[in-house]
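Novice: Attaching a single structure in structure tokens format; questions to follow.
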Amino acid sequence: MGSVFLPHLHTGWHVDQAIVTETERLVVIRFGNDGDRECMIMDELLYSIAEKVKNFAAIYLCDITEVPDFNEIYELQDPLTVMFFYQNKHMMCDFGTGNNNKMNFLVDDKQEMIDILETIFRGARKNKGLVISPYDYNHKRV
């Protein structure tokens, strides 16, 4: 049900506006297919933490079938991709997976996700383009 309550971005323009207009908070966009099992689990997790992180993170969902505009630019081939932006800049995070551009794996712990968002936000406020995740995911499937 998380995907019902979190705001959906239905066009490329909406995605751009979400990234460009948010000046104070981290913009978190889950790209994927709304019907995908991993996306549904991630949506539930994001919804469950949305209230706790609302002061420093804005969470959005974008179905890559409905909005294919960014599939090539952001290399959105995975069923689930979470990307981070701050003041119109793409934020990268080293999860130990070799792909610092995005999170393309499922995180199933609320506090773990809050910690990741907080770490990226704090790094972004210090003008860092790349931050190190508080958790190492090199053992997870990506």
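The values are calculated or read from the model by the stated rules, or taken from the named source; none is laboratory data. Here the structure is a predicted model, which is why all the values come from computation and not from measurement. Here the Cβ positions follow ideal geometry from the backbone for every residue, glycine too, while neighbour counts run over all protein chains shown.
Novice: Kindly provide the set of residues from region 1-36 that are closer than 21 Å to D69 by Cβ, of a type in the set (S, T, N, Q) and outside any helix (DSSP H, G or I), ordered by number. Don't jump to the end; show me each part of the working.
Specialist: Keep residues of region 1-36 that are closer than 21 Å to D69 by Cβ, which gives 3, 6-22, 27-36.
In the following step, the residues that additionally are of a type in the set (S, T, N, Q) were identified as 3, 11, 17, 21, 33.
Within region 1-36, T11, N33 qualify.
Novice: Oh, and also: Looking at (1) surrounded by fewer than 19 Cβ atoms within 10 Å (Cβ to Cβ); (2) hydrophobic (A, V, I, L, M, F, W, C); (3) out of contact with any Lys or Arg (no Cβ under 9 Å at 6 or more places or on another chain), which one does V15 not meet, given that it meets all the others?
Specialist: The one condition V15 does not meet is (1).
Novice: Would it be correct to say that R25 is under 20 Å from A124 (Cβ atoms), touching a Leu at 6+ places or on another chain (Cβ under 8 Å) and either among the basic types (K, R) or modelled with pLDDT under 95 (or both)?
Specialist: No: the conditions fail for R25.
Novice: Inspect all residues belonging to region 111-123 and state whether any of them is modelled with pLDDT of 95 or more, surrounded by 13 or more Cβ atoms within 10 Å (Cβ to Cβ), polar (S, T, N, Q) and touching a Gly at 6+ places or on another chain (Cβ under 9 Å).
Specialist: Step one: filter region 111-123 for residues modelled with pLDDT of 95 or more, giving 111-123.
Checking which are surrounded by 13 or more Cβ atoms within 10 Å (Cβ to Cβ) leaves us with 112-123.
Filter once more, so that each one left must be polar (S, T, N, Q): 119.
This time we only want the ones that are touching a Gly at 6+ places or on another chain (Cβ under 9 Å), so: none.
Taking every residue of region 111-123 in turn, none turns out to be modelled with pLDDT of 95 or more, surrounded by 13 or more Cβ atoms within 10 Å (Cβ to Cβ), polar (S, T, N, Q) and touching a Gly at 6+ places or on another chain (Cβ under 9 Å).
Novice: Note down all Cβ pairs under 8 Å where the first residue falls in region 93-111 and is farther than 18 Å from M40 by Cα, the second is at pLDDT below 95 and β-branched (V, I, T), and they're at least six residues apart or on different chains.
Specialist: Hits for this filter: T97/V142; G98/V142; N99/V142.
Novice: Checking K52 against (1) more than 12 Å from L6 (Cβ to Cβ); (2) of a type in the set (D, E, K, R); (3) in contact with a Leu (Cβ under 6 Å, 6 or more places away or on another chain), which test does it fail?
Specialist: Going through the list (1) more than 12 Å from L6 (Cβ to Cβ); (2) of a type in the set (D, E, K, R); (3) in contact with a Leu (Cβ under 6 Å, 6 or more places away or on another chain), K52 breaks only (3).
Novice: Now for a different question. Quick check: is even one residue across region 18-27 of a type in the set (D, E, K, R), surrounded by 15 or more Cβ atoms within 10 Å (Cβ to Cβ) and under 16 Å from D108 (Cα atoms)?
Specialist: Taking every residue of region 18-27 in turn, none turns out to be of a type in the set (D, E, K, R), surrounded by 15 or more Cβ atoms within 10 Å (Cβ to Cβ) and under 16 Å from D108 (Cα atoms).
Novice: Still on this structure: Please specify each residue of region 15-45 satisfying the condition of being free of Cβ contacts under 8 Å to residues at least 12 places away in the same chain and of a type outside the set (D, E).
Specialist: Q17, T21, G35, R37
Novice: Right, here's the next one. Are any residues in region 96-110 surrounded by 13 or more Cβ atoms within 10 Å (Cβ to Cβ) and part of a loop (DSSP other than H, G, I, E, B), and if so, which ones?
Specialist: Within region 96-110, G96, T97, N99, N100, N101, K102, N104, F105, L106, V107 qualify.
Novice: Can F121 be described as over 22 Å from E22 (Cα atoms), of a type in the set (F, W, Y) and touching a Lys or Arg at 6+ places or on another chain (Cβ under 8 Å)? Lay out the reasoning, then the answer.
Specialist: Numbers: over 22 Å from E22 (Cα atoms): no; of a type in the set (F, W, Y): yes; touching a Lys or Arg at 6+ places or on another chain (Cβ under 8 Å): yes.
When the stated conditions are applied, F121 does not pass them.
Novice: Test of understanding: among I116, I120, which residue is of a type in the set (A, V, I, L, M, F, W, C), free of Cβ contacts under 8 Å to residues at least 24 places away in the same chain and part of a helix (DSSP H, G or I)? Can you show your working first?
Specialist: Numbers: I120 fails: free of Cβ contacts under 8 Å to residues at least 24 places away in the same chain.
From the options I116, I120, the qualifying one is I116.
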